[in-house]
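First the structure, in the form of structure tokens, and then the observations on it.
The values are calculated or read from the model by the stated rules, or taken from the named source; none is laboratory data. Remember, predicted model here, so these are calculated numbers, not experimental data. Neighbour counts run over all protein chains shown; Cβ positions are idealised from the backbone, glycine included. Side chains are part of the model used for accessible areas, which takes the heavy atoms of the whole protein and leaves out ligands, DNA and RNA. Shrake-Rupley method; radii C 1.70, N 1.55, O 1.52, S 1.80 Å.
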Amino acid sequence: MSDPDRPLPRLAMLRAMTDRTVLDHVFVHGRTTRAELAATTGISKPTISESVRRLETAGALRATGTDQTGRRGRIATFYELAADAGRVVAAEVNQQGVRTITTDLTGTVLATERHPPGDRPVTAAVRDAVATAGGVGSGPVRAIAISVANPVDPVTHEVVALPGSPFPEGTLRAGEIGHDVLLDNDVNFSALAERREGAAREAKSFAYVYVGAGLGVSLYVGDQLVRGAHGLAGEIGYLDSSGSTLASALADQGFGRSDAPSLDVDAILTTLDQAASDAVAAERLRLLGATLGRAVAAICTIVDPDLVLLGGPAGSRPGLVAEIRRAVRAAAPGPVRVEAGAVTDSAALRGALLSALDHGRDGLVKAVAES
């Protein structure tokens with residue numbers, strides 16, 4: 001016998017969809033009224049009123065005051081996201097340490113922190129940094145997203161330790177940080193930021209190529225990220241280049257660090273700065289662009305993306321973009337756009353935050369449905 005107080009599954013689904021639509025408007029626009037919600041979403045006023053009542057009762061929305069509507073006798077009540085509706089934390093882990101950002105569910109920044117690298121195990125360092133970030137603000141932490149420089153297995157959600165990797169997260173496990181932690185590669189998160197807010201918003205497919213201390217590629221076909229069976233898709237540093245890996249070939253050209261198995265970003269940037277006035281630097285830049293360009297052209301040959309974006313501390317520099325573009329056009333079988341990425345301020349951390357916001361907002365809707 002059915003419970004008359006329990007909504008039917010279809011009705012519950014429709015309620016959740018309406019609540020999410022209302023909250024999405026609030027996430028973007030902030031303070032709003034029921035009339036504005038109905039006019040913007042196209043949902044009937046009675047349905048909007050019921051959703052707002054439900055969200056207010058569940059503690060997701062709060063009334064913030066009233067004002068005249070301009071029509072005689074009509075007073076509008078304004079609503080906004082409750083201060084304790086929840087927070088999200090995003091973290092970026094690399095050779096420089098751990099950087100975190102905490103926001104509310106509208107994306108308003110509550111705090112940012114930098115933690116330099118230390119001698120402690122990386123899992124403990126990340127766990128403590130995330131705990132500190134999560135202590136800012138009120139309401140539950142609804143999502144945590146962590147960007148790492150190594151690949152992440154899509155099944156086990158553990159960092160894959162690559163041979164010769166210069167990065168410290170080889171033993172990092174999402175489950176040791178907390179429940180429902182979103183752990184992903186920094187290049188994947190950077191590509192997500194470009195897809196959502198940057199130069200790839202209109203592209204049907206694109207490849208994001210990261211050039212920094214490490215090398216990596218993320219490939220989007222439509223809105224689908226291609227990860228590979230083991231999370232290793234896009235590890236172009238291991239591509240064969242004249243009998244050695246691409247990373248080794250660049251090191252042999254003088255762009256590798258002597259104290260770590262990674263590229264020397266400072267050497268690349270110095271070459272870029274000197275290329276306009278120094279013939280030797282110009283030739284080094286040409287060789288660097290040609291080597292990277294052949295790898296990018298190989299990607300284009302296999303997947304034929306609509307757009308190639310170059311990012312990272314060196315990849316987005318105009319001089320290197322021009323050289324890689326020249327090499328790709330000479331080697332790729334068809335036309336392809338090669339551009340610099342538009343999200344240049346810590347794209348990986350921005351992508352991690354966008355992912356955390358998506359999951360945190362979903363969590364709020366679920367909590368409302370279960371209340």
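Taking the Cα centre of the chain as reference, the dipole from Cβ charges on Lys and Arg (+1) and Asp and Glu (-1) amounts to some 1380 debye. Based on protein heavy atoms only, the chain ends up with 50 Å² per residue of surface accessible to a 1.4 Å probe.
A straight chain from E113 to H25 at 0.36 nm per residue would run longer than the Cα-Cα distance by 28.8 nm. Summarising the amide proton neighbourhood of T64: residues at separation of 5 or more, or on other chains, whose placed amide H is nearer than 5 Å comprise F78, Y79, E80. If each Cα of the chain is one equal point scatterer, what is log10 of I(q)/I(0) from the Debye formula at q = 0.13 Å⁻¹? Cα-only, vacuum Debye calculation for the chain: -1.04. Spin-label model, D266 to R196: label points 7 Å out along the Cα-to-beta-carbon direction sit 3.4 nm apart. When only alpha carbons are used to place a centre, the range 209-270 and the range 326-371 end up 19 Å from one another.
Would you mind finding the longest exposed-site-free stretch of the chain, with exposed trypsin sites (Lys or Arg not before Pro) meaning DSSP loop and at most 13 other Cβ atoms within 10 Å?
Details: sites that count: R31, R71, R72, R74, R201, K204.
The longest such stretch corresponds to 205-371.
For the range 168-249, the dipole from Cβ point charges (+1 on Lys and Arg, -1 on Asp and Glu) about the Cα centre works out to 200 debye, to the nearest 20.
When the helix-only estimate is applied to the chain (DSSP H runs of n ≥ 4, each -39,500 (n - 2.57), divided by the residue count), what is the mean residue ellipticity at 222 nm, nearest 500 deg cm²/dmol? All intermediate terms of the calculation are to be shown ahead of the outcome.
Values: 12 runs with 153 residues, N = 371.
So the calculated ellipticity at 222 nm is -13000 deg cm²/dmol.
Once the chain from A279 to D358 is taken as fully extended at 0.36 nm per residue, the excess over their C-alpha distance is 23.5 nm.
Using a probe of 1.4 Å on the protein chains alone, the accessible area found for H157 is around 100 Å². Computed from the C-beta positions of T64 and S138, the FRET efficiency with R₀ = 22 Å rounds to 0.85. Across the chain, C-alpha contacts under 8 Å between residues 6 or more apart give a mean separation that, scaled by the residue count, equals a relative contact order of 16 percent. Helices meeting the span-like rule in the chain (full DSSP H runs, Cα extent of at least 24 Å along the helix axis, mean Kyte-Doolittle score of 1.0 or higher): 279-303. For D264, the solvent-accessible surface with a 1.4 Å probe is about 40 Å², rounded to the nearest 10. Projecting the Cα atoms of A352, S371, V336 onto the dipole axis of the range 329-371, where Lys and Arg carry +1 and Asp and Glu carry -1 at the beta carbon, places V336 farthest toward the positive end.
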